[in-house]
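Worksheet: one structure, shown below.
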Amino acid sequence: MRKIIYFFMAIVSFVFIVPANAELHVDIVAGGIDPISIAVQKFESADGVSKSDAKMLRDVVENDLKRTGLFRIVNHDAFPEYVKMNDMPDFKSWAAIKVQTLVQASIKPEGKGNYKLEFYLWDVNGAEQIEAQSLIASKKSIRRLAHIMADAIYERLTGEIGYFDTQIVFIAESGPVDNRVKRMAIMDQDGYGMRYLSDKKTFVMSPHFSPNMSTVVFLSYRNDDPTVWVLDLENGDQTKLGTFGGMTFAPRFSPDGNRVAMSLVKNGITNIYEYDLTTKALRQLTFGNAISTSPSYSPDGRYMAFNSDSSGSQQIHVLDLKTGEQKRITFGAGRYATPAWSPDGQFIAFTKIADNTFYIGIMNPEGRHEKILAGGWYMEAPSWAPGSRRLVYYETERSFDGEERTSHIRSVDITGQNLYDIDLPDNLNGVEPTWSPKLP
């Protein structure tokens, strides 16, 4: 179902010392910042590397950086010179067109079936090299080289974890609204290389990656039995998580990958349980007659956010997994659902429903400093990119007479800016996306 790409990377560190007063760095927390201007030269390509592959690599790097909203890609026609690898740039000529960073790169065959990508990153104003790496990958995974290179540039200039060498698993919908076909699918974070992970016969929902990217948990309706299943991404095998005497749904892995939290319906009551994958033990985490669902672990595994209607309306609560104590953290107007804890632990993303409008927002783990990032007729299921800079979610457009209802997978950053759609194949709707950790 999914090809785990054989990939190895050698990083060659060159000596570079950047004085503190010359440090080139972008503040990514504040909104409305001026983007860093970056010039990405044409990749040098040796014999055995097609010009189209070299161009593709450059395009991917530029597109990755541009989509962050933190970088301005300098027009190629404005370049004052072409600097060959190992040659020193004429910094004055680049500074004259207001270029702040310059990227050189080369691609060449390396051994049997591999490519070697080398790149240098220059601080034009500081007149010095600030990053240099050498990457090796199989020819089949050449596109990953560009994403890893873009991650390295992003991380060097922002100080944040990159998220370009990642994937998104989601539910791909096709067909008429009253007879949707739902299939689990996976794609790169920029929408490239989409492929299906389930067939047309089985109704599936709520996919989530394991921390090591080896498996995906999801809800599957088989033989009128809605239960949680596990998909092995290496060989495509699907295994039922267990038999628990009731409907199970909304699964989510623990940060260590050893447990799965999920909702279990028993005697008409929905509570959250935790299943230990090693001991096969099932532990009940919430109690009472309320509907409790959408569990999300804190990154340290000590707490769990979830939504419950125990207070009379759907609100987000936080559970201390050691003591069993829980507290409600949302008190704003409307209902709150689908909490998702950020990888750095600083935020909880959520869906909010108020005044017949759906919103995607973030707040701190105490429920304070709520910030709305997007709003619309229907949107749900926020999921974090590595580094906690961006989220992905889906939005369904309102349909009118004679119009087909469409759903888009969208991404937005934590400032509420730089929102974009992730391209999907024609006539395909995307819902319930989950962003992966960085690929192994």
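Values in this text are rule-based calculations from the coordinates and carry no lab data. Keep in mind the model is a prediction, meaning the values are calculated, not measured. Positions of Cβ are backbone-derived with ideal geometry, glycine not excepted, and every protein chain shown enters the neighbour counts.
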- Query: How much length is gained if the chain between Asp300 and Asp344 is pulled fully straight, taking 0.36 nm per residue apart and subtracting their Cα-Cα distance, in nm to one decimal?
  - Reply: 14.9 nm
- Could you grab the relative contact order for the range 20-158? Cα pairs under 8 Å, six or more apart, rounded to a whole percent. 28
- Task: Taking the chain as the reference, fit the longest principal axis to its C-alpha atoms, fit the long axis of helix 51-67 to the helix C-alpha atoms, and give the angle between the two in degrees, 0 to 90, nearest 10.
- Result: 60
- Task: Mind running the shape call on the range 183-246? Use the C-alpha gyration tensor, a ≥ b ≥ c as the square roots of the eigenvalues: rounded below 1.5 for a/c, prolate if a/b tops b/c, oblate otherwise.
- Result: prolate
- Item | Separation of the Lys139 and Arg335 label points, Cα + 7 Å toward Cβ, nm | 5.5
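Remind me, relative contact order of the chain in percent, using alpha carbon pairs under 8 angstrom and six or more residues apart? Please report the intermediate quantities before stating the final value.
Numbers: 1073 pairs, mean separation 48.7, N = 440.
Relative contact order here is 11 percent.
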- FRET efficiency, Thr406 to Arg195 (Cβ-Cβ, R0 22 Å, nearest 0.05): 0.55
- Task: Between the alpha-carbon centers of the range 270-302 and the range 32-93, tell me the distance in whole angstrom.
- Result: 48
- Note on the structure: Residue by residue through the range 213-227, the couplings from Karplus 6.51 cos²θ - 1.76 cosθ + 1.60 with θ = phi - 60°, in Hz, x for Gly and Pro, are 6, 8, 9, 10, 9, 7, 8, 9, 9, 10, 6, 6, 10, x, 9
- Message: Check which residues have an amide H placed less than 5 Å from Lys182's amide H, if you skip close sequence neighbours.
- Response: Val204
- FRET E, pair Ala127, Asn289, Förster distance 56 Å, beta-carbon r, rounded to 0.05: 0.25
- Query: Quick one: which of Lys42/Lys66; Lys116/Lys438; Lys84/Lys140; Lys66/Lys438; Lys182/Lys371; Lys51/Lys108 span more than 23 angstrom between C-alpha atoms?
  - Reply: Lys84/Lys140; Lys182/Lys371
- Item | Degrees between helix 142-158 axis and first principal axis of the chain (Cα, 0 to 90, nearest 10) | 90
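Evaluate E = 1/(1 + (r/R0)^6) for Arg328 and Tyr221, where r is the Cβ-Cβ distance and R0 equals 25 Å; express this FRET efficiency to the nearest 0.05. Kindly include the intermediate steps, with their values, before the conclusion.
Details: r = 32 Å, r/R0 = 1.27.
Once rounded, the FRET efficiency stands at 0.20.
Would you kindly state how much longer the chain becomes between Ala96 and Thr243 on full extension, computed as 0.36 nm times their sequence separation minus their alpha carbon distance, in nm to one decimal?
On the way: separation 147, 0.36 × 147 = 52.92 nm, distance 6.79 nm.
Full extension of this stretch gives 46.1 nm more.
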- Item | Net dipole in debye of the chain [+1 Lys, Arg Cβ; -1 Asp, Glu Cβ; about Cα centre; nearest 20] | 920
- One finds the C-alpha centres of the range 245-263 and the range 200-224 to be spaced, in Å, by 11
- With a bin width of 10 angstrom, please list the P(r) values of the chain as percents of all Cα-Cα pairs, from the 0 bin to the one holding the largest distance. 4, 20, 28, 24, 15, 7, 2, 0
- Message: Taking loop as defined by DSSP and a crowding limit of 12 other beta carbons within 10 Å, which trypsin sites (Lys or Arg not before Pro) in the range 197-242 fit?
- Response: Lys200, Lys201
